[in-house]
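Asker: Dropping the structure in here first, questions after.
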Amino acid sequence: MSPVVNGVFIGGEWRAGHDVLEVINPATEATLARVSVGDASAVSQAVGAASAAFIDWSKSTGRERGALLREVARGVSAQREHLMRLQSSNNGKPLFEAGMDVDDVVATFDYYAGIAEQLDAGQDRPVALPADDFSARLRREPCGVVGLIVPWNFPMVTTAWKLAPALAAGCCVVLKPSEVTPLAELHLARIIAEAGFPAGVFNLVCGTGLAVGAPLAADPRVAKISFTGSNAVGVQVMQRAAETTKGVSLELGGKSSLLVLADADLDLAVELACGGGFFNAGQMCSATSRVLVADSLADQFLQRLQTRAEGIRVAEPFADEVEMGALINRAQYQRVLGHIQRGIHDGARLLCGGDRPAHLAKGYFIRPTVFTDVPLDSALWNEEIFGPVLCVRRFASVDEAIALANDSDFGLVASVVSNHAETADRVANALQAGLVWINAPQVIFPQTAWGGYKQSSIGRELGPWGLAAFQEIKHVIRAH
Ligand code: NAD
């Protein structure tokens, strides 16, 4: 049996928790690690340590914080290979995808290091007033102790998008990773500990949502909760946070579209459809699981999409030339298969996939799946599947495509494939989504915001907006 790893880091010290959780390798179904996890009392101690550390940390300069963030970026970069392997083993994603995750983490810490370094010069900026007998200055101050709660699909990345700006702003942090994928975060925590942050600035409590996440969201000493996860849990977090009127940033679900316009490059459209549907085995809030294709192209597109989807090499994450890995766990695997069965029952036509690959006896694998003729009122069309399932519909006009894409409770992202720049821009402008890609894969830069419309988000991450989420605005007005 594997040894138990401490999953609680409070006030600069690793501690044992109150329970032990098994961490599974989803590609083999074998136990990967055993982690000692915390409960409400560990959360309370972590928030206490963070509150004590905040007194000095909130007075540190942006330059000091920036230097420490650069140190984290350097540490992650130096341990790239190890972190990739941890991420792939714990998450089931191919090694090349894990490499993209690690690179994203490095870029995010570097970006917020740069932002932190610029903060000092912008502090106490004079504010122009329409009165000579008063002057005013603007301060941006850290909002306090913040709780960061993240899911399992891009562990480390979702963490970095919260952690780097929170630390850059001067907040102290209690991080709760997903109980399903704590391993990369545990290693990241070691890197952060070695970077030289004062004790208590960064704290981590692994554990379940109810034992750790819920008390963190409720703790009155926590100024803000930044949460990424499902809408159902996002609502619970918001309700708990409401009891002490604390701020929330929420990154929740999606049901996004890829629009293939009549003048699209078909090969590109097929590649982008597969990327938007099958990257991370489709377990992406940003999955473009609705594919809308112009009537004139639809037959050709479907033929090529089927051939490509059937050719995708599904395998364990470390296999040669693997293109798609495993789903995260048995529950998710069964949930996605349930959605597929329900889709068939609701009258959608299964073009390919829909079951596990014959060559893989173990692991939570599902073949890339494509449906056509998906009824507009079906769960398949409207609910987030969070698995490798694409639903294709045809459209007769661009306006119909826009209306179909916007007809959703969510509004996270969208993709447009078109060789006509003006039309593509018109469509991008009309889509209710926080990020639209034109002829591009789902590239994400720390400089551009992450988050969406409607039920997908409250607030934005990344860019200066990600920093602002962890800052208070203060004006000081003086009479002369
Ligand atoms: P989840 O909501 O089940 O869990 C997310 C986190 O919340 C986990 O750490 C979990 O332990 C914790 N949690 C569970 N119950 C809690 C409670 N009562 N109080 C506080 N915390 C609690 O989500 P998941 O299954 O881990 O992740 C998948 C979901 O995340 C999908 O819906 C996906 O769309 C969403 N997601 C959104 C984004 C985005 O940026 N919009 C990114 C990634 C994932």
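The values are calculated or read from the model by the stated rules, or taken from the named source; none is laboratory data. Because the structure is predicted, anything quoted here is derived from the model rather than measured. In this analysis, Cβ positions are derived from the backbone assuming ideal geometry, glycine residues included, and neighbour counts consider all displayed protein chains. Side chains included, ligands, DNA and RNA excluded: accessible areas come from the protein's heavy atoms. Shrake-Rupley method; radii C 1.70, N 1.55, O 1.52, S 1.80 Å.
Asker: Work through the residues other than Gln87 whose Cβ is under 9 Å from its Cβ and net out their charges, Lys, Arg +1 and Asp, Glu -1.
Answerer: Values: positive: Arg85, Lys93; negative: Glu97, Asp101.
Cβ neighbours under 9 Å give a net charge of 0.
Asker: Moving on. Give the lysines reachable from Lys454 as a straight Cα distance under 23 Å; neighbours fewer than 8 places away on the same chain don't count.
Answerer: Qualifying lysines at Cα under 23 Å: Lys162, Lys224, Lys246, Lys255.
Asker: Further, regarding this structure: When ligands, DNA and RNA are left out and all protein chains stay put, how many square angstrom of accessible area per residue does region 10-155 have with a 1.4 Å probe? Let's see the in-between values first.
Answerer: Values: 6290 Å² over 146 residues.
Accessible area per residue, region 10-155: 43 Å².
Asker: Can you quote the Å³ per residue value for the convex hull of the Cα atoms in the chain, rounded to an integer? Kindly include the intermediate steps, with their values, before the conclusion.
Answerer: Working: hull volume 72.3 nm³, N = 480.
Per residue, the Cα convex hull of the chain comes to 151 Å³.
Asker: Roughly how many debye, to the nearest 20, is the charge dipole of region 352-455 about its Cα centre, given +1 on each Lys and Arg Cβ, -1 on each Asp and Glu Cβ, and no other charges? Intermediate results must be reported in sequence, preceding the final value.
Answerer: On the way: 7 positive and 11 negative charges, 95 e Å.
Magnitude of the dipole: close to 460 debye.
Asker: What residues of region 267-311 lie in the reach of a label at Ala396, counting those whose backbone N is under 16 Å from a point 7 Å from the Cα along Cα→Cβ?
Answerer: 293-298
Asker: Further question: State, in angstrom, two size descriptors of region 124-214 derived from its alpha carbons: Rg to one decimal place and Dmax to the nearest whole number.
Answerer: 17.9, 59
Asker: Right, next: Would you calculate the separation in nanometres between label points at Thr307 and Ser230, each defined as 7 Å from the Cα along the Cα-to-beta-carbon direction?
Answerer: Using points 7 Å along Cα→Cβ, the separation is 3.9 nm.
Asker: Please report, as a whole percent, how much of the solvent-accessible surface of region 1-113 comes from carbon and sulfur atoms (probe radius 1.4 Å). Walk me through the numbers on the way to the answer.
Answerer: Details: 2580 of 4690 Å².
Its accessible area is 55 percent carbon and sulfur atoms.
Asker: Further question on the same structure: Note down the net charge around Gly7, summing +1 for each Lys or Arg and -1 for each Asp or Glu among other residues with Cβ under 10 Å from its Cβ. Please list the in-between numbers first.
Answerer: Values: positive: Arg15, Arg34; negative: Asp19, Glu179, Glu185.
Taking every other residue near Gly7 into account, the sum is -1.
Asker: Calculate what fraction, in whole %, of the accessible area of region 325-409 sits on carbon and sulfur atoms when a 1.4 Å probe is rolled over the protein chains. Walk me through the numbers before you get to the answer.
Answerer: Values: 1770 of 3600 Å².
Answer for region 325-409: carbon and sulfur cover 49 percent of the accessible area.
Asker: Shifting gears a bit: Once both labels are modelled 7 Å past Cα along the beta-carbon direction, what's the Asp19-Glu81 spacing in nm?
Answerer: Distance between label points: 3.8 nm.
Asker: While we're on this one: So if I take the centroid of the Cα atoms in region 1-44 and the same for region 350-366, what is the distance between those two points in Å?
Answerer: 31
Asker: Next up: Take Gln118 and Gln334, extend 7 Å from each Cα along the Cα→Cβ direction, and tell me the distance between the two endpoints in nm.
Answerer: 5.0
Asker: Please give the Cα centre distance for region 182-199 versus region 110-162, rounded to the nearest Å.
Answerer: Measuring centre to centre over Cα atoms gives 22 Å.
Asker: In addition: Under 5 Å between amide hydrogens, which residues at least 5 positions from Leu258 or on another chain qualify, with H placed 1.01 Å from N in the peptide plane?
Answerer: For Leu258, the qualifying residues are Arg290, Val291, Leu292, Ser415.
Asker: Out of all DSSP beta bridges in region 257-438, what portion is antiparallel? Express it as a percent rounded to 5.
Answerer: Working: 3 of 25 bridges.
Bridges in region 257-438 that DSSP calls antiparallel: roughly 10 percent.
Asker: Name the residues of region 465-480 whose amide N is less than 19 Å from a point 7 angstrom out from the Cα of Phe134 along the C-beta direction?
Answerer: 473-480
Asker: Quickly estimate the mean residue ellipticity at 222 nm for the chain, helices only: each DSSP H run with n ≥ 4 gives -39500 (n - 2.57), and the total goes over all residues, rounded to 500. Working shown, then result.
Answerer: Details: 15 runs with 193 residues, N = 480.
My calculation for the chain gives -12500 deg cm²/dmol from helical runs alone.
Asker: Now a separate question. Might you tell me the accessible area per residue for region 333-433, computed with a 1.4 Å probe and given in Å²?
Answerer: Values: 4330 Å² over 101 residues.
Averaged over the residues of region 333-433, the accessible area is 43 Å².
Asker: So for region 257-438, Kirkwood radius off the Cα pairs, Stokes-Einstein at 20 °C and 1.002 mPa s: how many µm² s⁻¹? Let's see the in-between values first.
Answerer: Working: Rh = 16.3 Å.
Result for D is 131 µm²/s.
Asker: Choose one of Val392, Trp14, Leu337: the residue whose Cα lies farthest towards the positive end of the charge dipole of the chain (beta-carbon charges +1 Lys, Arg; -1 Asp, Glu; about the Cα centre).
Answerer: Trp14
Asker: Something else: So how tilted is helix 295-311 from the main axis of the chain? Cα-based, degrees 0 to 90, rounded to 10.
Answerer: That works out to roughly 80 degrees.
Asker: Excluding Asp377 itself, calculate the net charge of residues whose Cβ lies under 12 Å from the Cβ of Asp377, where each Lys or Arg counts +1 and each Asp or Glu counts -1. Show your work: numbers first, answer last.
Answerer: Details: positive: none; negative: Asp346, Glu383, Asp407.
Net charge around Asp377: -3.
Asker: Put Trp152, Trp450 in order of accessible area, largest first, 1.4 Å probe: what do you get? Walk me through the numbers on the way to the answer.
Answerer: Details: Trp152 45, Trp450 15 Å².
The ranking, largest first, comes out as Trp152, Trp450.
Asker: Whenever you get a sec, line up Tyr111, Tyr364 from highest to lowest accessible area (probe 1.4 Å, protein heavy atoms). Present the calculation step by step, with values, prior to reporting the outcome.
Answerer: Details: Tyr111 40, Tyr364 20 Å².
Descending order: Tyr111, Tyr364.
Asker: For the full complex of protein chains and a 1.4 angstrom probe, list Val443, Val5 by accessible area with the highest value first. Don't jump to the answer; show the numbers that get you there.
Answerer: On the way: Val443 65, Val5 45 Å².
Heavy-atom accessible area, descending, gives Val443, Val5.
Asker: Under a 1.4 Å probe, what is the accessible area of region 224-300 per residue, stated in Å²?
Answerer: Numbers: 2390 Å² over 77 residues.
Per-residue value: 31 Å².
Asker: What's the magnitude of the charge dipole for the chain around its Cα centre, counting Lys and Arg as +1 and Asp and Glu as -1 at the beta-carbon? Answer in Debye, nearest 20.
Answerer: 1000
Asker: Also, quick follow-up: Note down the accessible area of Thr244, probe 1.4 Å, to the nearest 10 Å².
Answerer: Approximately 50 Å² of Thr244 is accessible to the 1.4 Å probe.
Asker: If you count only protein heavy atoms and use a 1.4 Å probe, how large is the accessible surface of Lys255, to the nearest 10 Å²?
Answerer: Spelled out: Lys255, probe radius 1.4 Å, area about 10 Å².
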